[in-house]
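Please treat every number below as a calculation from the coordinates, not as lab data. Since the model is a prediction, treat every value here as computed from it, not as a measurement. As a convention, Cβ positions derive from the backbone with ideal geometry for all residues, glycine included, and neighbour counts pool all protein chains shown.
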Amino acid sequence: MDEPADNVTLTYGDFVPTPAWVKEVPAQNLTQMEVSDGAGKLVFFRNETLPQILLLPLSATGDVIADSKAAGFSLPGNAEKKIVNKVLAVATHPTQPVLYVWQDTATRADDIVIPKDDAELAYSHLLIYDISQDKPKLLMSTCSGVDFMFSRATASLNVGNNGKRLFVSNMRYKVSRGYGVAMGYYELNAKGLPILTGADPEEDPALVSGAADAVAAAESEADYGIAAQDTPEAETPAEQAKDKVTSGRGGGLTMLHMGNIGSRYQAGTAFYIDDAHTLMRSGTYLATYDTSNRSGRIAAVLIPRSNTRTTRLVVHPGLNMVYAIHPVGITRVLAWPIFQGYPSMFPQYVSIAPYVTYGRMAVVTKHDKLALGSAGRVMLLHLDKLGRVLPEVTQVKINATRVHAIIYSEKFDRLYVGTDVPLEVAP
Amino acid sequence: MNYLTPSSQTFARRLATHRIKASRLGLMLMTIAALWLPASGIAQARTITLDHTDAKYIAFICPEVPQSGLAGAFSTTGVYTANILEMVPGRRMLMRYPLDKIPKGQRIVSAQWILPVSYAPYEGERLFVWRMLQSWGLGVNHTMRTQVPKPLPWSSPGADAPGIDRAITPTATIRVSGIEEIIVDVTQDVELWYTGVAPNNGWVMALDEGNRYVRLASPFYTAGSLFKLRITYEPE
């Protein structure tokens, strides 16, 4: 698609002094960063070095504590220093100290999507941790069975700002010839845990305090052969929960079939709009999944000049605009108005030349800015009331050759930006 | 009988046998005219060509996906895309071009809207183009004409109310006979908009009820310049 009207070409001035709400964070070689408002921690993950997940505590005001060290932990299968499992995605709950981790094994060369044996069928992709304390506590593991693709290179997890749903990727369903690609979501309870059985675990405490823990422990140990464990007795809440967890749908997981827009090669991303509407990226498509429309559940439009491997989206928390970037060599940002979950007409093209972006974007809601990481800087694009990009841009110098990790916390009103300074990890 | 003198015959023969020279002659005459006409004060017409990239708004709306403004085609069960624009009964295409590229004080000589038909398997399908009477914009869909600054519905879903949402009389009725660029004369509409007699709310296009389908190239998929609007104007 060619350029529409309303293009914006940014005009750059000099660097400005770093605003108080922009915080540089030591994050050398750490490209993925999340913030847990509930736990007051920054979360990083990596796969090349153990530990895989790093938690950096923040002060009560959300600032990085001087000389503080990150606490690290690895996924259960890596307990013996063997990297069996890769972290493909993490997400945090907006208010609860809950961390969601999507894991998968090393990518198989044949790009097969079907679990090949019982061990793979029993493999749980989703791990849920309580990170309120120094030592993370595994609350639940789920997303196993035939409805999940195996040995993937990418995955996505997303919890909306209201914490109502957890979206997961890499699901599949049988069609007449082979398999289709799907995404799925769990309804979350007030504590940020999936409602597995259709019942709210708040009303069935056994699912949270006892059974879920038992299930998680049992699965994590059984999955990875860490230690022998007792088999839960039949007919206990734990057993019931485990049955549901390991069943095809993972119990309580709603599947969103993506039809012919599903991509087998790149995990989709989904965003909560309202109970009936989910905005998702799949391959080169930006699509609206509308469960209230039985005859036209998906309305899809190609993301202009998209690339299945690189297009990244962020949805404005006001839900009225989605921003897309191509972080590999493309000097363009797209800003697309959204109404009831549907993109409207052409996106706004924003040329950020001569710079390119790396990593992710963040909407800085309290300052009406869209933050992009670039070479040695963060670019703060100014937004109008609708979320459209204005020609003004503010540049802040960052101690990083390339800024990859970037995340905003509305609770703390802090934009965290990763630098080239190494993050020290507590032994 | 030959009325040409020998020298004229020679000139005519040369023209006939040396077309390149003839074209050079034409070019020379045109250059002279181009230099002479402005100096002489005689009005000179200019032509501009707008396309979809100049369009302020474009939308595909249909009752099957009433909240989407980009439902151009049924793709597969339950899936609609904007990759192509498949005109079927009930689906509408809306398009509006700002005319600010035409200088003030001009007279519209002609305006042509060029529609890129990419597939038309049925002979004689009928497309209508109507001038829009209602304004529409961001958030437009089958039920709403805009959602900024607040949601406003169409008088009839699909911009269908004659005399309220759209003009009663079509600007053009087109018989589609194959894969072609269809040229629609929209001079009167552009003149109305340019002179300010009517607000520029663009056009809505629809297929005749009872027809099957006509497929047009979509700017969401097809590269290049689509939906050209060629306007010729001259000083008043």
Collect residues whose amide H, placed 1.01 Å from N in the peptide plane, falls under 5 Å from the amide H of residue B:58; neighbours closer than 5 in sequence don't count. A:346
Taking the Cβ-Cβ separation of residue B:118 and residue B:49 as r and a Förster radius of 22 Å, what is the calculated FRET efficiency to the nearest 0.05? 0.65
Tensor-based shape of region A:346-403 (alpha-carbon gyration tensor, a/c under 1.5 rounded, otherwise prolate or oblate): prolate
Can you list the residues, at least 5 places off or on another chain, whose amide H is less than 5 Å from the amide H of residue A:52, using H built in the peptide plane? A:73, A:74, A:75
Footprinting exposure proxy for A:67, B:208 (fewest neighbouring C-beta atoms within 10 Å first): A:67, B:208
Under-5 Å amide H pairs with residue A:150, H placed in peptide plane, nonlocal only: A:114
Simple label model, 7 Å out from Cα along Cβ direction - residue A:134 to residue A:392, nm: 4.7 nm
Most exposed first by the Cβ proxy, i.e. fewest other Cβ within 10 Å, how do A:68, A:156 rank? A:68, A:156
Distance-filtered residues of region B:182-206 - backbone nitrogen under 16 Å, label point 7 angstrom along residue B:104 Cα→Cβ: B:194-197
Along the Cα→Cβ direction, 7 angstrom out, place labels at residue B:230 and residue A:114. What is the inter-label distance in nm? 5.7 nm
Please list 3J(HN,Hα) in residue order for region A:11-24, calculated via the Karplus relation 6.51 cos²θ - 1.76 cosθ + 1.60 where θ = phi - 60°; whole Hz, with x for glycine and proline. 10, 9, x, 6, 4, 9, x, 4, x, 4, 8, 9, 10, 7
Okay, which of region B:141-180 sit inside 15 Å, backbone N to the point 7 Å along the Cα-Cβ direction of residue B:126? B:169-177
Between residue B:88 and residue A:176, what FRET efficiency comes out of the Förster formula 1/(1 + (r/R0)^6) with R0 = 35 Å and r the beta carbon distance, rounded to 0.05? 0.85
Taking a ≥ b ≥ c as the square roots of the Cα gyration tensor eigenvalues, with a/c under 1.5 meaning rounded and otherwise prolate when a/b beats b/c, else oblate, which class fits region A:89-185? prolate
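Could you work out the mean count of beta carbons from other protein chains within 10 Å of each residue's beta carbon in A:382-389?
On the way: counts 0, 0, 0, 1, 3, 0, 1, 0.
Taking the mean over all residues of the peptide, I get 1.
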Ranked by Cβ crowding within 10 angstrom, fewest neighbours first, how are B:62, A:143 ordered? B:62, A:143
Pair residue A:384, residue A:365: separation of 7 Å Cα→Cβ label points (nm): 2.2 nm
